[in-house]
Amino acid sequence: MTLGYVVGKGGNDFDPQGNYTRAEAMTLIDRATSEIIDESVSGQTYAKTLIVRKAGATIAGATIRGDLIIGQGVGGGDVVLDNVTIEGRLIAFGGGSNSIVVKGGSKIAAVVAGKPNVHIQMEGGVTV
């Protein structure tokens, strides 16, 4: 399966053997992510990957068509996912031993622990 994030040279895209510019890097980031958040959100739909950068965020009633990445900036802090549908993967690079809580009938296609000792707590009818 191709996600279309990186495309060969032709439309101002990447040359895998060459150097790339900041504009090309930003094109890749734009293609790969819908949004990067630092605070709580509710009722949103994200067409691509969503990145959570800071602890204390709650994502409620949201649909994420790509991956949800819990970033390193979360550290050992808390992130709550309440009634969230993730069609891609939940990838945890941040979060501590009990700090990522998934609840409220959330549906997640797959879970990836991107760092050691991260614990993802599932409550209340979560489907993975």
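The values are calculated or read from the model by the stated rules, or taken from the named source; none is laboratory data. Note that the structure is a prediction, hence the values are computed from the model and not measured. Neighbour counts run over all protein chains shown; Cβ positions are idealised from the backbone, glycine included. Only protein heavy atoms, including side chains, enter the accessible area calculation; ligands, DNA and RNA are left aside. Shrake-Rupley method; radii C 1.70, N 1.55, O 1.52, S 1.80 Å.
Would you mind giving the average projected area, over all directions, of the Cα convex hull of the stretch 34-123 in nm² with one decimal?
Details: hull surface 17.7 nm².
Computed as one quarter of the Cα hull surface, the answer is 4.4 nm².
Determine the share of the stretch 48-103's accessible area contributed by carbon and sulfur atoms, expressed in whole percent, with a 1.4 angstrom probe.
Answer for the stretch 48-103: carbon and sulfur cover 44 percent of the accessible area.
Net charge around SER40, counting only other residues with Cβ within less than 12 Å of its Cβ (Lys, Arg = +1; Asp, Glu = -1)?
That sum, taken over residues with Cβ under 12 Å, equals -3.
Straight-line reach only, C-alpha to C-alpha below 19 angstrom: list the aspartates and glutamates that LYS115 could link to, leaving out same-chain residues fewer than 8 apart.
Within reach: ASP67, ASP78.
At 1.4 Å probe radius, can you tell me the per residue accessible area of the chain in Å²?
Working: 7140 Å² over 128 residues.
Per residue, the chain has an accessible area of 56 Å².
I need the peptides 69-76, 108-115 ranked by packing, meaning the mean over residues of other C-beta atoms within 10 angstrom, with the highest value on top.
Listed from highest to lowest mean packing, they are 69-76, 108-115.
Would you mind checking the tilt of helix 22-32 against the longest principal axis of the Cα atoms of the chain, expressed as 0 to 90 degrees and rounded to 10?
40
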